[in-house]
Amino acid sequence: MTDNDVRVTLHPAFRKGPVDRRLFGSFVEHLGRAVYTGIFEPDHPTADAHGFRRDVADLTRELGVTTVRYPGGNFVSNYVWEDGVGPVADRKPFLDLAWRTVEPNLVGTDEFLQWAEREGIEPMMAVNLGTRGVAAAAALVEYCNGEAGTRWADLRIANGREKPYGVRLWCLGNEMDGPWQIGHKDAHEYGKLAAEAGKAMKLVDPSIELVVCGSSSMQMPTFGEWERTVLSYTYDLVDHVSMHAYYEELDGDRGSFLASGTAMDRFVDRVVASADAVGAQRRSDKKITISFDEWNVWYLESRFPGEQNLPIQRDAPRIIEDVYSGLDAVVVGDLLVTLLNHADRVPVACLAQLVNVIAPIMTEPGGEAWRQPTFHPFATTARLARGEALDLRVATPSYTTARHGEVPVVTAAGTVADDGAAALFLTNRSSEPVEVAIDHLGSVLTVAEGWRMLADHEPAVVGPEHAARVAEKSWGAVDVATAVRREGSTTTVRLEPESWTALAGTLAQA
Ligand code: AHR
């Protein structure tokens, strides 16, 4: 083997642990057109009896989304959930300060939770720890999960929903370290509030899982110290710490952008180390896991004007409707490779967001719904990655990037299920094709199908026609007969330049 060879070594007995289905989550915030003319549009030709778009719900199912976070995001930090329940005619619009948009309150907790239930999606709710606190958070848990006989549970029943929703996952606020957040707090203020709110919420329903806010990104000046301080108040109470990360191509630096998965990998390692340091100091056997509840490609620095510069808007404005290319989709596929490789510590992750707002699904009001290029690697990974994550060894050359230093050329992740169904996900970040030798150490690997996304060089253009053109040129089946070769215990795969590939088949002990 030379320094330039790429070798992936695997065996069905070498595993990291189960892939939690909640790794394939997404996010619907009251932001732009995510809710109104996104999931909900009563006048749309496909609208169901509840006013939700059937075409969007069908694409959501095809995407394989398991969990959806709601109602924000920045929005939640000034949201009064009580204003969004009860008879719609009595609900008042309010000015959401996060996105400077008039929120009509036509969709609220009940409408969202019932949509999620109908679509077989596990909801993940966030409480407002920006402008509100312990009482409103505990009341919302009671409204959602309480049995008849107490004030807020009875209000839900009066609003037409007898059975508790049984919402399991709860976020204690959103990005509370960010100065842009309404009700932003320092780590001590937030840590104390999160501990008290979480305590009350678990007293209402001890079965819930709590997510405490980590840093809004690894670039935050308080990163690390924030996690340490917040967890010092909440370690024994919470289950997960949140991570958020968005990646974009800056200044035409394609090499750095293609290596976003490595940046995410290092970010996860650092948050795990911060959480484990708090645990070690407490001599605790408990392990805090990660809810990576916002991740995606977002042209945040290069295209977004910033929340403060948005004019006040009504009627579901078009905010951050990023249009994606094949290159963006390759990066999304590679970010999923990273998440799978951390399956032992990352049980929950949400592609932010689901519809219209930095989303894999786009819509026109009254018109079509379509898949962005990023839809394909997500849907394929959610479909194929089952069972447990394999503990792979990847030997690969590296390259040097301006933003992330030395990074691997090839990344890989794999899964195997109890029935022997196996999948491998591989990214080639180089502009040359690469041959990967997969050494399965005497076990039997068969490859039955394959899919690949190529990084195109076309500028991203809005609209379903562009998405269809990218899909035609960049997205497609791998010709397994020519791209995959098996000799004894080694399977060789050819990866296209700047591509993401998924292979599916079976893996078994010999
Ligand atoms: O997903 C868009 C926004 O990004 C969310 O509202 C916020 O949490 C993050 O900064």
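Every number in this text was worked out from the coordinates using simple rules, so none of it is lab data. What you see is a predicted model; the values in this text were computed from it and never measured. Backbone-built Cβ (ideal geometry, glycine too); neighbour counts: all protein chains shown.
Within the shell of other residues whose beta carbon sits under 9 angstrom from the beta carbon of LEU258, the net charge comes to -1, with Lys and Arg scored +1 and Asp and Glu -1. For the chain, the residue among ALA273, VAL447, SER430 whose Cα projects farthest onto the positive side of the dipole built from Cβ charges is ALA273. Note on GLU321 and ARG100: their simple-model spin labels are 1.9 nm apart, each label 7 Å out from Cα toward Cβ.
For the chain, the membrane-span-like helix rule (DSSP H, alpha carbon extent of at least 20 Å along the helix axis, mean Kyte-Doolittle at least -1.0) picks out 187-204, 260-281, 326-341; this says nothing about an actual membrane.
Each of GLY198, VAL493, SER242 was scored by the projection of its Cα onto the charge dipole of the chain, and the greatest displacement toward the positive side belongs to GLY198; charges sit on the C-beta of Lys, Arg, Asp and Glu. Could you list the trypsin sites (Lys or Arg not before Pro) in segment 265-327 that lie in coil according to DSSP, counting only those with at most 15 other Cβ atoms within 10 Å of their Cβ? Within segment 265-327, the qualifying trypsin sites (Lys or Arg not before Pro) (loop, at most 15 other Cβ atoms within 10 Å) are ARG282, ARG283, LYS286, LYS287, ARG314, ARG318. Based on Cα atoms of the chain, Rg over Rh with Rh as the Kirkwood radius reads 0.97. Taking DSSP loops as anything outside H, G, I, E and B, show the longest stretch in the chain free of GluC sites (Glu not before Pro) there with at most 13 other beta carbons within 10 Å. No qualifying site falls inside 163-367, the longest such stretch.
Placing +1 on the Cβ of every Lys and Arg and -1 on the Cβ of every Asp and Glu, with no other charges, gives the chain a dipole of roughly 860 debye about its Cα centre. Relative to the current alpha-carbon distance between LYS92 and LYS163, full extension at 0.36 nm per residue lengthens the span by 22.9 nm.
Look at the dipole of segment 15-389 built from charges on Cβ: of ALA138, MET264, PRO305, the Cα furthest out on the positive end belongs to ALA138. Close amide H partners of VAL68, meaning residues 5 or more places away or on another chain with modelled amide H under 5 Å apart, are SER26, GLU122, MET124.
Here is the list for segment 129-237: chymotrypsin sites (Phe, Trp or Tyr not before Pro) lying in DSSP coil, each with at most 16 other C-beta atoms within 10 angstrom of its C-beta, are TRP180.
Shape class of segment 321-419 from the alpha-carbon gyration tensor: oblate, with a/c at 1.5 or above and b/c at least as large as a/b. Using all pairs of distinct alpha-carbon atoms, the Kirkwood hydrodynamic radius of segment 391-495 works out to 16.0 angstrom.
Near the amide H of GLU209, within less than 5 Å, lie the amide hydrogens of LEU169, TRP170, all on another chain or at least 5 residues away, with H placed in the peptide plane.
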